[in-house]
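Down below is the structure, laid out as structure tokens.
Read-outs throughout are calculated quantities, based only on the coordinates presented, and are distinct from any laboratory measurement. Given the structure is predicted, the values throughout are model-derived calculations rather than measurements. Heads up, the Cβs are rebuilt from the backbone with ideal geometry, glycines too, and the neighbour counts pull from every protein chain shown.
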């Protein structure tokens, strides 16, 4: 499998994730509507009032989710470097003299050249235990690559 084929696969997976997010939002709205119906269903005299209450709770929930996602997107508009720094990442300088970091820079630069994109910012995650590495960014121009220190640091 070549790079571009893998890129197409990843785009399909991203589309799937967006669809799953939409399904999750619908599920959250349905769960809250169900809770509202149980909590207030017996106190409401007409079914029209119950429908109005459910529509209102659905809209409020949707607005809350949209605002939360929007604020998060605004917070991440600086690109992949923002994500790396939030996880405690330390920028690897271009002129590093550390042989391990130099090797990391060389590998990332070679991959960038081979794929025809600009070299992303490179971060080291010295204290991360949950992941090995990730790449993040809105586009190749604001991308960042972050890797853990592993056992060598």
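On inspection, residue 81 fails the criterion of being closer than 22 Å to residue 133 by Cα, in contact with a strand residue (DSSP E or B) (Cβ under 8 Å, 6 or more places away or on another chain) and outside any helix (DSSP H, G or I).
If you go through segment 107-120 and keep only what is in a helix (DSSP H, G or I), surrounded by 16 or more Cβ atoms within 10 Å (Cβ to Cβ) and free of Cβ contacts under 8 Å to residues at least 12 places away in the same chain, you end up with just 112. In segment 99-106, is there at least one residue being in a helix (DSSP H, G or I) and within 17 Å of the chain's Cα centre (by Cα)? There is no residue in segment 99-106 that is in a helix (DSSP H, G or I) and within 17 Å of the chain's Cα centre (by Cα). Do the conditions hold for residue 42, that is, is it in contact (Cβ under 8 Å) with a residue 12 or more places away in the chain and in a loop (DSSP other than H, G, I, E, B)? Considered against the rule, which asks whether it is in contact (Cβ under 8 Å) with a residue 12 or more places away in the chain and in a loop (DSSP other than H, G, I, E, B), residue 42 comes out as no. Out of the residues in segment 121-153 that are assigned to a strand (DSSP E or B) and over 15 Å from the mean Cα position of the chain (by Cα), state the one that is surrounded by the fewest Cβ atoms within 10 Å (Cβ to Cβ). Result: 148. Taking segment 1-33 as the range and being in contact (Cβ under 8 Å) with a residue 12 or more places away in the chain and more than 29 Å from residue 112 (Cβ to Cβ) as the test, the residues that pass are 25, 28, 29, 32, 33.
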